[in-house]
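I have placed the structure first, in the form of structure tokens, so that the comments after it can refer back to it.
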Amino acid sequence: MKKITVFFLVFSCILTFAQNKKILFTKELKYGVVDSKNKNRTIDIDVFGNTSNELLVNAKVDQFPLNIFVDNLGVSPVSFGMNSQLENSFYSPFFSQIAYEASPDGKGKDIEVKKIEGTETILGLPCQYYLMNFKEANKDESLKVCVNENYPINTFSALNGIIKVFTRSNYSNGLKGLVLKAGINDDKFDTEHFVLKSIKDSEAYVYFDHKQSMMKHQRRMDSLMLEQKRWEEDNADSAAVYSDSAYSYDKYIPEYVSTYKQENEEMATLSIDNPDSKDLLKGAPKYCTNIQNGLPTFENKNLSKHLYNYVGQVCDMYLTQSYSETVDEKGTMDEIRREVLYLLNIRDELSKSDRKKLDKYLDQLD
């Protein structure tokens, strides 16, 4: 392997680290299942958590792995990449289909959470029992949950988040804390439930940008919805079609914060420089494959640097057509707006020769 290839691979790895947030977990909580009827069934649940309400749930159900990340933004199925990187999981469409099947009208169930009589002490920690009632027109179902509300790790948010993913349920109760025991509320609860088996300190960490993950998932589902509509239009007389609600989901977009005018001491990195993005450049203008060689030579040296950043960030936006891209969309749009403002403000200060070269270069871009 050539040295330059090794350099770009290392650079790509460093770039990914810079884009993703390092999340530290201070506790590891292991749950196990008690099932008197099916003793051969194995369900292991590892929860890594911290006091910032960030949880990574690693579950194995009969050796079938399932990894879920939970924080204040919501719940996302994830998979592990290299060097402790979390990535969008291929389970995402699977989760949405499960949610649809559980609630085809897209409205979901309502959950009522209420305190009931009963306490218990597990691993030296006391807990209070609650019922989570699922209200529907035809039946009532409920979970019995024992929660320690004073523990700093909030695993109840993970339980509630997973329930919401699978049932589209919603509830407004402010309950939070450490789940010590839970199961279906019936006469088998004492012999069929899952329970916290151990708590230990942890130094585990991952790199993950949950906002970007949720936004990519939303774009993926938008694409699936569009394809479904196209299929329905082409097969209007088909015997069975799914409704648009088959792909209903909670749309997420962060609140806008204006930062584009802030000066950067260094130029932002470009996703088109990532070796993994080379195959995506077919969806971008031709000049994106070799920007540096196409730039004019200006008398104003700063102009070249800012122009390169501007056209490079525009190229990055074309990469967002692919779900495998590594583009920070909001940051890229901010860079474009900042460079447009720079080019407008400096124009009157440029020499006649530089202005002519700049106008010609921008005009000839395809």
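The values are calculated or read from the model by the stated rules, or taken from the named source; none is laboratory data. Please read these numbers as outputs of a predicted model, since none were measured by experiment. A quick note on method: Cβ atoms are made from the backbone with ideal geometry, for glycine too, and the neighbour counts reach across all protein chains shown. To get the accessible areas, we keep the full protein, side chains included, count just its heavy atoms, and leave off ligands, DNA and RNA. Shrake-Rupley method; radii C 1.70, N 1.55, O 1.52, S 1.80 Å.
Yes or no, residue by residue, for (1) crowded, with 16+ Cβ neighbours inside 10 Å; (2) outside any helix (DSSP H, G or I); (3) out of contact with any His (no Cβ under 8 Å at 6 or more places or on another chain); (4) at pLDDT 85 or above:
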| position | (1), (2), (3), (4) |
| --- | --- |
| Leu175 | yes, yes, yes, no |
| Ala182 | yes, yes, no, yes |
| Asp190 | no, yes, yes, yes |
| His193 | yes, yes, yes, yes |
| Leu196 | yes, yes, yes, yes |
| Met214 | yes, no, yes, no |
| His217 | yes, no, yes, no |
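Go through the residues of the range 66-83 one by one and say whether even a single one is farther than 18 Å from Glu28 by Cα, under 11 Å from the mean Cα position of the chain (by Cα) and modelled with pLDDT under 75. No. Can we say Lys278 is more than 22 Å from Asn20 (Cα to Cα), basic (Lys, Arg) and open to solvent by 30 Å² or more (accessible area, probe 1.4 Å)? The answer is no for Lys278.
Taking every residue in the range 340-359 that is within 15 Å of Pro296 (Cβ to Cβ) and pairing it with any residue that is exposed (fewer than 12 other Cβ atoms within 10 Å of the Cβ) and not β-branched (Val, Ile, Thr), at least 6 positions away or on another chain, the pairs with Cβ-Cβ distances below 7 Å are Ser351/Glu299; Ser353/Glu299; Asp354/Glu299. Checking each residue in the range 335-354 for being more than 42 Å from the chain's Cα centre (by Cα) and open to solvent by less than 70 Å² (accessible area, probe 1.4 Å) picks out Leu350, Ser351, Ser353, Asp354. The residue that is modelled with the highest pLDDT, among those in the range 313-333 that are open to solvent by less than 40 Å² (accessible area, probe 1.4 Å) and among the acidic types (Asp, Glu), is Asp316. Restricting Asp186, Asp234 to residues that are surrounded by fewer than 19 Cβ atoms within 10 Å (Cβ to Cβ), of a type in the set (Asp, Glu) and modelled with pLDDT of 75 or more narrows the list to Asp186. Scanning the range 55-82 for residues that are within 15 Å of Asp209 (Cα to Cα), touching a strand residue (DSSP E or B) at 6+ places or on another chain (Cβ under 9 Å) and open to solvent by 20 Å² or more (accessible area, probe 1.4 Å) gives Asp71, Val75, Ser79, Phe80, Gly81.
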